[in-house]
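The values are calculated or read from the model by the stated rules, or taken from the named source; none is laboratory data. Model, not experiment: these values are computed from the prediction. Here the Cβ positions follow ideal geometry from the backbone for every residue, glycine too, while neighbour counts run over all protein chains shown. With ligands, DNA and RNA removed, areas are computed over all heavy atoms of the protein, side chains included. Shrake-Rupley method; radii C 1.70, N 1.55, O 1.52, S 1.80 Å.
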Amino acid sequence: MTSITYDGTFDGFLTAVFEAYEYKLKDAIITTKQRYQPTVFALKHEVITNEAKAERVWKGLKQKISAKATSEIYHCFLADVAVENTLYSYIQYAFSASKTIEWDYTNIHVVQVREWAHKVHRERHRMAAFIRFQLTKDQLYYAVIQPDFNVLPLLENHFKRRYADQKWLIYDVFRRYGIYYDLKEVSVVEMTFSDDSNNGKDISGVYDEDEGLYQSLWQNYFKSVNIQARKNTKLHIQHMPKRYWKHLTEKKPLIR
Amino acid sequence: MTSDRIHEKLSILADAAKYDVSCASSGSKRENHNKGLGNASNGICHAYTEDGRCVSLLKILLTNHCIFDCAYCVSRKSNDIKRAAFTVQEVVDLTINFYRRNYIEGLFISSGIFKNADYTMERLVLIAKKLRTEHKFNGYIHLKAIPGASEELLKEAGMYADRLSVNIEMPTKESLKLLAPDKKQDDVIHPMKYLKSAIIQHKEEKKQFRKAPLFAPAGQSTQMVIGATPESDLQILLMSHFFYQKMNLKRVYYSGYVPISTDNRLPSIGTPVPMVRENRLYQADWLLRFYGFTVDEIVAPDYPQLDMDIDPKLSWALRNMDIFPVDINKADLQLIKRIPGIGVQSANKIVAARRYQNLTWDNLKKIGISLTKARYFIICNSRDYERRDLQPLQVKQQILSLGKSKYQPNFSPQIRLF
């Protein structure tokens, strides 16, 4: 048995898969350097991320499974939990078969990869919906999020297309990094943001003078479109789970 | 604008618009190609109200002043309520600022009719025009087509809007006449017909010239108020069928009547909103559009009302027990979609997965198929299946005893309504 460690990046993971084949490592277990725990029984094989090797695995996969299925592999990876070995088994199965295995729900790894991909996809979709930007004095629209999975890489293109004419920054408090758009490109930024900076209490200092007005107008709108005679709290919470409320303008204490 | 006044206008004009149930923001093809603001190529629900409905668009009336007196409408002339009107610029500013903060996908603007149809429509079109041309706004715009507005204005509306809608309001001419004496069904059908041909014509042009302008790329929709008048579900669904088949509508919305008036032509205040019925109608609507059902399979003169306690597909299956059980490893996709409890996605998954091996109960569960209803109607790669020769009523009882409908408490008062 061999433990393969990598740096936590997607390319690193693909490199690990490549080397498992390259060195014919039997019963390989892939894990990040951070999560690695030495055992007496397993050898350790440390992988250095190699774009060319990663690219070869990726290209190989694209010949075996559909583009949608490769995208599911990436989504699954971004679940940000220890799914590497499920993915590795899935990839082995894909390479071993002559036709695509992506619909084979009788295979446990296929089912699991799809489940994770589905969860991550749903979280991405929710973030595209629930992110609330606040306009600062220097005309930057910024938002703080705490997603269950590492979905920022999946949101980049969506927001770049959508807000091509405004500067924006989305910061993931859990993972302590953000993506920033400067009207040309999106780049990754790392910084420490205080968790309290998004609670809307002290709005005068940092924010554009109309920011408070629009937040209160949005709260007003949200309240006005509700039909009391149709109240359905269960459905409301099912669609907007409470863990997201903290950063939702319409769910914060009334500004006005 | 002073902030108090704009707050007051927003609460009045959002409140008055909320009975229009359409909130779709999908189905358009508008992309952000000019480095402007927004991208209407995907539908997103940004929030959900406490009644569980999606908030995707800023849905407001331009004004709730109205020269009409439709009994079912809060904004009717004779209703003693606060009136307000936005300026064109105020609507534009709200839309842009809400959109930039990711609150909404776009704007759905409707209006009470002031002066006349053209005068009202002109202002709606002006809002859309300003957004598109002055602000390079590529978000979603849904414009209400005012019945009686001129074809030139409708045409201009189509150039800027993603979706247009004219509400039929009532499922029959007679009901419309009774409750909305100022409106005629023809006034609604006429713009619909015009838009239908304009949309088709622009689609043709688009095929030939890639750069031909968009014209209402998300099509048109309409809405019927349900439960204010005594129509049967059969009458309602035949009307929907007409709209889908003859008018190419993208959607027909059903709005359960929320009692807002003491008018004796209408259900009195305090009558529950017919939410179950509304839900069953949407289920039936889906069967028509995505499951290959025809209206007479769902409702017919012998059974003109949808069952309230079970969904329309299950009702159909119980009337047609001779078709079942279906072998999910052999049946074609169309038939699998007709199995109670199996939706389009599940059906597709089954057909894809069975290419690898014959599916067992366990496989079906892993795929994520809910078997509560389906197990009475299928056989799979297992010797274990429902062998008892159950009568339809027994199947219904067993299914009902297993599942608990979220609408249970609503059943009794609802059914007594009719």
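A few points about this structure:
- Overall form of chain A per C-alpha gyration tensor (a/c, 1.5; a/b vs b/c): prolate
- When the Cα positions of B:Met159, B:Ile226, B:Gly139 are compared along the charge dipole of the protein assembly as shown, B:Ile226 comes out farthest toward the positive end, with charges on each C-beta of Lys, Arg, Asp and Glu.
- Between region B:16-70 and region A:20-61, the alpha-carbon centres lie 49 Å apart.
- Think of each Lys and Arg Cβ as +1 and each Asp and Glu Cβ as -1; about the Cα centre, that makes the dipole of region A:64-152 roughly 280 debye.
- Using the Karplus relation 6.51 cos²θ - 1.76 cosθ + 1.60 with θ = phi - 60°, the per-residue 3J(HN,Hα) values for region A:84-91 come to 4, 6, 5, 4, 4, 4, 4, 5 Hz, with x marking Gly and Pro.
- Principal-axis tilt of helix B:151-160 within chain B, Cα atoms, nearest 10 degrees: 70 degrees
- Taking the C-alpha atoms only, the angle from helix B:233-246 to the longest principal axis of chain B is near 70 degrees.
- Estimated dipole of chain A in Debye, rounded to 20 [Cβ of Lys and Arg +1, of Asp and Glu -1, Cα centre]: 1040 debye
- Among the residues of A:107-114, the average count of other protein chain beta-carbon atoms within 10 Å of the residue beta-carbon is 2.
- Around the amide H of A:Lys167, modelled in the peptide plane, lie the amide H atoms of A:Tyr141, all under 5 Å away and 5 or more residues distant in sequence or on another chain.
- Share of carbon and sulfur in the accessible heavy-atom surface of region B:77-128 [1.4 Å probe, %]: 49 percent
- Counting only DSSP H runs of at least 4 residues, each contributing -39500 (n - 2.57), and dividing by the residue count of chain A, the helix-based mean residue ellipticity at 222 nm comes to -13000 deg cm²/dmol.
- Highest-fluctuation residue, B:Phe243, B:Phe68, B:Phe290 considered, GNM on chain B with Cα pairs under 10 Å: B:Phe290
- P(r) tail for region A:2-123: Cα pairs beyond 17 Å make up 54% of the total.
- Sulfur and carbon atoms: percent of accessible area, chain A [1.4 Å]: 53 percent
- Close amide-amide hydrogen proximity is noted between B:Ala47 and B:Val55, each under 5 Å apart and 5 or more residues distant or on a separate chain (H modeled in the peptide plane; Pro and chain starts excluded).
- Candidates B:Ile44, B:Ile367, B:Ile399, ranked by Gaussian network fluctuation over chain B, Cα under 10 Å, top entry: B:Ile367
- Positive-pole candidate from A:Tyr207, A:Val110, B:Ile339, dipole of the protein assembly as shown, charges at beta carbon: B:Ile339
- Kirkwood Rh in Å, taken over all unlike Cα pairs in region B:3-298: 19.6 Å
- Solvent exposure of region A:2-123 as accessible area per residue, Å², 1.4 Å probe: 52 Å²
- Relative compactness, region B:1-94, computed as alpha-carbon Rg over 2.2 N^0.38 Å: 1.27
- The protein assembly as shown: C-alpha pair distances exceeding 50 Å, %: 19 percent
- Average other protein chain Cβ within 10 Å of Cβ, residues B:49-62: 6
- Between A:Thr32, A:Thr106, A:Thr70, the GNM of chain A built on Cα springs shorter than 10 angstrom shows A:Thr106 fluctuating the most.
- Mean sequence separation of contacting Cα pairs (under 8 Å, at least six apart), scaled by the length of chain B, corresponds to a relative contact order of 11 percent.
- Chain B - accessible surface per residue (Å², probe 1.4 Å): 43 Å²
- Cα long-axis angle, helix B:185-208 against chain B (0 to 90 degrees, to the nearest 10): 80 degrees
- Efficiency of FRET between A:Glu190 and B:Gln397 - r from beta-carbon atoms, R0 60 angstrom, step 0.05: 0.45
- Modelled label positions at B:Asp309 and A:Ser98, each set 7 Å beyond Cα in the direction of Cβ, lie 5.5 nm from each other.
- Cysteines having no other Cys beta carbon under 4.7 Å from their own, within chain B: B:Cys23, B:Cys66, B:Cys380
- Threshold 20 Å² - residues in region B:347-376 whose accessible area is reduced by that much or more when the chain is no longer isolated, probe 1.4 Å: B:Lys349, B:Ala352, B:Ala353, B:Arg355, B:Tyr356, B:Gln357, B:Asn363, B:Lys366, B:Ile367
- Both chains summed, the buried accessible area for B and A stands near 5300 Å², from protein heavy atoms and a 1.4 Å probe.
- Packing-based ranking of A:131-137, B:45-51, A:230-236, B:359-365 yields B:45-51, A:131-137, B:359-365, A:230-236, ordered from highest to lowest mean Cβ neighbour count within 10 Å.
- Its Cα centre serving as origin, the protein assembly as shown has a Cβ charge dipole (Lys and Arg +1, Asp and Glu -1) of approximately 740 debye.
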